[in-house]
């Protein structure tokens, strides 16, 4: 079985309280062991009720968010979710060099042989809030009322492909149900849920009500399977199918169906549910729609890009929740970087050339938009350099990670480049990884490049194009990158 075990869902309501280690871990997007270590080593605020051995673990979303904010000032990355390491895109925060004094944690008091008064009051408030919020959400029709007796044996946990069928299993390995595919699938590149943006199958609780849903993206090469994204309930009932049937005009060209479903991933919503973010592409890389789909299949927002969308990430920039979108700019044959308002992430990518402008696409432009032109190596190889990750740096600026694909028939690692931009989207630093230099020299030895790599080549990569007042403005990195 190649399907992963998904993290548990958040609590069933949008209250401030998180109950149990699994809820806390899901809220932070980490594993249970990680958040338990964060509590012990870094002071993650966790409360306990009851005696040792029979404790109830609780946490407050507000307190956790305040705790995260302290890391904005203690870490160079600005947020534990934005911490980055070249080998670990979602690195955990390192302990601060000089930690501030921390008051005696509540867990030390909870080891007494009696339940403290604040604990009894907290439990009462929690119970009242949970009951009221669950009833409100059920009455409003936002999500079904959670059953207190969700049977784990009937919950999807893992998946596998066998010929022309997708098989869904529970945690014990028993088959729950299967989905017939349009053709046998033998592609070993099928990605599990933990592959993030490249996932083709994922299991998660979209509603926040306990039972897990199964998302099935494009499997195989048949056109019918490539144009749709499907969502199944825990019992195998098809909940919704999303395909794109729009006709849009870009420049003088009108694009009509079919649109191919390309990639998807899930991000948490403030109310405890999850949204599905997916892309639909037309023909060869142009154009692309990024859609946000709600748990029940409703389209919440749409963003149009004049090229592939290759990476997305949620973050906080200047105190504002944003969505970072990395993609391809077909107008410049380079990479594009957009910052969208997380609350209203719609609109379209700007273009100066009318050939790449979409006048009937969703209205609105990104909060910021930057194009990174093709690198010299990308021009020589005949293709662009794609954005593979991007994150907020120090709460204000940005880092954009790019990879140059290795030549066919080689065992070289992709060549990595890192652009650092300030809060005004102007470049301040370029870091060229050794892997990029090695790829360059390999192409030189093969006779495809007439010169060996030298730091002087970086002057051709130090210019970016920033969208401002209806046009692109060229910005140049002021000094050479430190070696």
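The values are calculated or read from the model by the stated rules, or taken from the named source; none is laboratory data. Worth saying up front: this structure is predicted, and the values here are computed from it rather than measured. FYI the Cβ positions are ideal-geometry reconstructions off the backbone, even for glycines, and counts take in every protein chain you see.
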Subset tally (residues that are at pLDDT below 90 and more than 19 Å from the chain's Cα centre (by Cα)) for region 211-223:
5
Scan region 451-460 and tell me whether some residue there is on the phi > 0 side of the Ramachandran plot, surrounded by fewer than 18 Cβ atoms within 10 Å (Cβ to Cβ) and in the same structural domain as residue 374 (by TED's automatic domain parsing).
no
Residues that are more than 17 Å from the chain's Cα centre (by Cα) and under 23 Å from residue 204 (Cα atoms), at least 3 per element: which strands (runs of 3 or more DSSP E) completely within region 263-336 meet that?
none
Under 18 Å from residue 367 (Cβ atoms), buried (at least 24 other Cβ atoms within 10 Å of the Cβ) and at pLDDT 95 or above, is that true of residue 339?
no
State which residue is modelled with the lowest pLDDT when the search covers only region 30-47 and only residues that are within 23 Å of the chain's Cα centre (by Cα) and in a helix (DSSP H, G or I).
33
Within region 352-366, the residues that are part of a loop (DSSP other than H, G, I, E, B) and more than 25 Å from the chain's Cα centre (by Cα) are 352, 353, 357, 359, 360
Quick check: anything in region 351-359 assigned by TED's automatic domain parsing to the domain that holds residue 326, surrounded by 21 or more Cβ atoms within 10 Å (Cβ to Cβ) and at pLDDT below 85?
no
Give the number of residues within region 367-380 that are part of a loop (DSSP other than H, G, I, E, B) and either out of contact with any strand residue (DSSP E or B) (no Cβ under 9 Å at 6 or more places or on another chain) or buried (at least 24 other Cβ atoms within 10 Å of the Cβ) (or both).
1
Looking only at region 229-241, how many residues end up being surrounded by 20 or more Cβ atoms within 10 Å (Cβ to Cβ) and either in the same structural domain as residue 307 (by TED's automatic domain parsing) or in a loop (DSSP other than H, G, I, E, B) (or both)?
1
Go through (1) under 26 Å from residue 331 (Cβ atoms); (2) surrounded by fewer than 17 Cβ atoms within 10 Å (Cβ to Cβ); (3) modelled with pLDDT under 90 one by one and return the number of the condition residue 445 breaks.
(1)
